[in-house]
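The structure appears below as structure tokens.
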Amino acid sequence: MSEEKCVDIDYVSNLARIELSSQERNKFQSQLGEVLKYFEKLQKVDVEGVEPTAHAFPRFNVWDQDEVQPGLSAEQALQNAPKQRSQQVVVPKVVEE
Amino acid sequence: MESSLLTSATAAELINLLKGGSVSSVEITQAFIQRIQAVDQKVHAFLHLDEEDMINQAKSSDQRRAQGKSFGQLDGIPVGLKDVISAEGQPLTAASKILENYISPYDATVTRKLKEAGAVIGGRLNLDEFAMGSSTENSAYGPTRNPWNLDCVPGGSSGGSSAAVAAREIPLSLGSDTGGSIRQPASLCGVVGMKPTYGMVSRYGLAAFASSLDQIGPFAQTVEDAALLLEIISGHDPLDSTSYPSNVPSYSNELKVPLEPCKLGLPQEFFGEGMDEEVRKSIDLVIEFYKSKGFEMIELSLPTTDLSIPVYYVIATAEASSNLARYDGIRYTSRSERATNAIDVYAKSRGEGFGEEVKRRCILGAYALSSGYYDAYYLRAQKTRTLIRKDFDQAFKQVDAILTPTSPTPAFKFGDKSEDPISMYLSDIYTISTNLAGLPGISVPCGFSQSGLPIGMQLIGQALNESKLLSIAHVYDQEHKYGRKAPSL
């Protein structure tokens, strides 16, 4: 892994859907390299046969009754939407002509 | 009654005053509002304060009391919320520009429980943006200052919650702890702060950072007050499928039962290099105190300690990058004016709305989860997390709780670590493994440095046994009461 310390910052920031300024881009490039170098410690741990922990106290199959419960009204649910019309969120066009 | 007497009182003392009828909730609430007006320009613990709403809540509490219909112990006592905990009709910014105009449409479960207990919900408390940081320097609305020395950080991420209690602006507050975000600021501000067992307190209505690590918990001047607040917010919640179905005892009543001396573990890995000498001396005195009370000290080893920070930062950033995908500029966050297409809405809104540390962590997390790296980073971190848990399982076969410092140093100065992510990450070295193992941990003030900065000790307990942990902490706290000392502001 150690040759991989250089992060393709444009690729990853696109994956994360975060636009970076060129200043941030340069700063993160070197800082993330440093952090990844620090993460290298993990590559030396013997985890052969060890189960991963997703939660400290795993709980499975938490079911709810399939019943209608009171919830937010459309107005409440949309009260923080940056653009809306007729109880719907307005977004830029997402399909090509 | 003089208002400074009210603001310096513990919640337990205020409860007695209310019961005795010598003071009203309105008088208490007004005293704290005046205190906030007097000192918060210096401290900047609060991002928002709805004074009218607080007074109205206090009036309702006084009316209930007059009719003999008080809801419970905390009826009429003000409680501040970290600005990631929803309260209906109140702002929730998470100290981020992206949520600048957000108003919570519903109550978090902890907020609902506090309301049902009659507490006066008061104020939104500052933090590192989305709880990512250890100093509150990452708040988009300016840092909180340490009430003991305004040139120093209050710790973080719940720095507003700890500083407000330390500055006597609020008797109780709630924070959230993902890798130490309650305990470290409690230590740096000289107050009590507790992270419960993962699953003891519902996360419903908490703006998520790293879901498998986040827990809400109390800040107070004393262990007794922390117990009072914890017993109200704890308990199973069907709205949080990770919440634990267990009965919540009355922690505050259990503190009254004398504790038999028990065994405390001292993990050698925590007492190595990097610990400040003054912190070491304070902890040595704590050890002597417990010995004098008949407690047995057992040196033990947690061999995976040095892996906890890399494991934490892989898991926490991966979960954060996934959790924070919801702040997309579409549904409830501000939207970039420059966005012309759908992808632009995401990337530009997030680029404009997120601060530097949040961007850094989301990008790091996206990298750790990305194709080709998932096994090497995220999966490997989760497997190493299992080894960390097993270390603690072994330790708790020998001891009832583990004693460590909370932070390697007292509060540091602004700017000292903010340009070096790894050095900032290392300030959480003693607190992080507790979250990875899901265990309860409490920070209790245990002295001051020569320059007058608070020092805290941490006790880590067995899962789901907050009663014992609180009792062990109370043995120390009731005789020392360092959290009762107030800074001069």
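Loop-only check: which chymotrypsin sites (Phe, Trp or Tyr not before Pro) in region B:123-222 are DSSP coil with at most 11 other Cβ within 10 angstrom? Here no loop site has a sparse enough neighbourhood. Counting only aspartates and glutamates at least 8 places from B:Lys468 when in the same chain, those with an alpha carbon closer than 17 Å to its own are B:Glu224, B:Asp225, B:Glu231, B:Glu254, B:Glu260, B:Glu296, B:Asp393, B:Asp400, B:Asp477. Of all accessible surface on region B:35-80 at a 1.4 Å probe, what whole percent is carbon and sulfur? Its accessible area is 44 percent carbon and sulfur atoms.
Here B:Glu277 and B:Asn341 are evaluated by their C-beta separation; at R0 = 56 Å the FRET efficiency comes out at 0.45.
Largest first, what is the accessible-area ranking of B:Arg361, B:Arg380 with a 1.4 Å probe? Please report the intermediate quantities before stating the final value.
Details: B:Arg361 10, B:Arg380 55 Å².
Order by accessible area, largest first: B:Arg380, B:Arg361.
For region B:451-485, a drop of 10 Å² or more in accessible area on going from the chain alone to the assembled protein chains (1.4 Å probe) is found at B:Ala463. Helix A:22-39 axis versus longest C-alpha principal axis of chain A: approximately 60°, rounded to the nearest ten. Rolling a 1.4 Å probe across the protein heavy atoms gives chain B an accessible surface of 32 Å² per residue. Taking the alpha-carbon centroid of each part, what is the distance from region A:1-72 to region B:23-100 in angstrom? Computed from Cα coordinates, the inter-centre distance equals 36 Å. Please tell me which of these pairs span more than 30 angstrom C-alpha to C-alpha: A:Lys27/B:Lys195; B:Lys256/B:Lys383; B:Lys413/B:Lys481; A:Lys83/B:Lys113; B:Lys281/B:Lys485? Cα-Cα > 30 Å for A:Lys27/B:Lys195; B:Lys256/B:Lys383; A:Lys83/B:Lys113; rest within.
Apolar share of the accessible surface for region B:382-489: 44 percent from carbon plus sulfur atoms, 1.4 Å probe. Per the accessible-area calculation with a 1.4 Å probe, the total area buried between chain A and chain B rounds to 5600 Å². Using C-alpha pairs below 8 Å separated by at least 6 residues, the relative contact order for chain B is 17 percent. Dividing the helix sum by the residues of chain B, where each DSSP H run of 4 or more adds -39500 (n - 2.57), gives a mean residue ellipticity at 222 nm of -12000 deg cm²/dmol. The chymotrypsin sites (Phe, Trp or Tyr not before Pro) of region B:374-454 that DSSP puts in a loop, and whose beta carbon has at most 13 other beta carbons within 10 Å, are B:Tyr374.
Note on the protein assembly as shown: the alpha carbon radius of gyration divided by the globular reference 2.2 N^0.38 Å gives 0.93.
Here the gap between B:Ile287 and B:Ser246, fully extended at 0.36 nm per residue and compared with their Cα-Cα distance, gives a gain of 11.5 nm. Of the residues making up region B:313-331, those losing 40 Å² or more of accessible area when the isolated chain is joined by the remaining protein chains, with a 1.4 Å probe, are B:Ile330, B:Arg331. Split the accessible area of region A:2-44 by element, probe 1.4 Å, and carbon with sulfur accounts for 47%. Averaged per residue, region A:2-44 has 56 square angstrom of accessible surface, using a 1.4 angstrom probe with ligands and nucleic acids left out.
The values are calculated or read from the model by the stated rules, or taken from the named source; none is laboratory data. Not measured: the values here are computed from a predicted model. Cβ sites come from the backbone with ideal geometry, for glycine too, and all protein chains shown count toward neighbours. Surface areas here come from the heavy atoms of the whole protein model, side chains and all, with no ligands, DNA or RNA. Shrake-Rupley method; radii C 1.70, N 1.55, O 1.52, S 1.80 Å.
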